[in-house]
Amino acid sequence: MVNNEELYFCRVCGFRYYNLPWGENNDNPSREICPCCGVEFGYEDSNLLGIQHYRKKWLETGTKWFEPRERPDDWSLEKQLDQIPEQYKYENL
Ligand SMILES: [Zn+2]
């Protein structure tokens, strides 16, 4: 079961997005780009394997921000990864 707050978080990196990345029913992707990991909602994050691959690549290449201006000064990777909705959180492939 998904609660509403969870719907705001990027499935890949856990960033809390301004809109609903996948819409109210979690099944209507906006095709917008996550300012943090750069995933396109509805493309690389459309299944668990894609999510895991994209996250792995993002972590391995130094967790660069797609929109560096959006990065908070006190940004914490660990805290953000913690926010990934449970069903997308698997760490290993
Ligand atoms: Zn993201």
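Just so you know, all these numbers are worked out from the coordinates, no wet-lab data involved. The model shown is predicted, which means the values in this text are computed figures rather than measured ones. Positions of Cβ are backbone-derived with ideal geometry, glycine not excepted, and every protein chain shown enters the neighbour counts.
Ordering 33, 84 from the fewest to the most neighbouring beta carbons within 10 Å gives 33, 84. Here's how it looks for residue 9: its modeled amide H is under 5 Å from those of 17, which are all 5 or more places away or on a different chain.
For the peptides 71-80, 42-51, 9-18, the ranking by packing is 9-18, 42-51, 71-80, with the highest mean count of neighbouring Cβ atoms within 10 Å listed first. For the range 53-93, the extents of the C-alpha atoms along the principal axes are 30, 19, 13 Å, listed from largest to smallest. Within a straight-line Cα-Cα reach of under 14 Å, residue 57 can be paired with the following aspartates and glutamates, leaving aside sequence neighbours fewer than 8 residues apart in one chain: 44, 45, 91. Exposure proxy shown here: for 31, 69, the number of other Cβ atoms within 10 Å sets the order, fewest to most, as 69, 31. Multiplying the residue separation of residue 18 and residue 75 by 0.36 nm and removing their Cα-Cα distance gives an extension gain of 18.9 nm. Between residue 47 and residue 87, the contour length at 0.36 nm per residue exceeds the Cα-Cα span by 13.3 nm. Two decimals is fine: what is log10 I(q)/I(0) at q = 0.15, 0.19 Å⁻¹ for the chain, from a Debye sum with one equal scatterer on every Cα and no solvent? With no solvent term, the Cα-only Debye profile gives -0.50, -0.83. Mean sequence separation of contacting Cα pairs (under 8 Å, at least six apart), scaled by the length of the chain, corresponds to a relative contact order of 32 percent.
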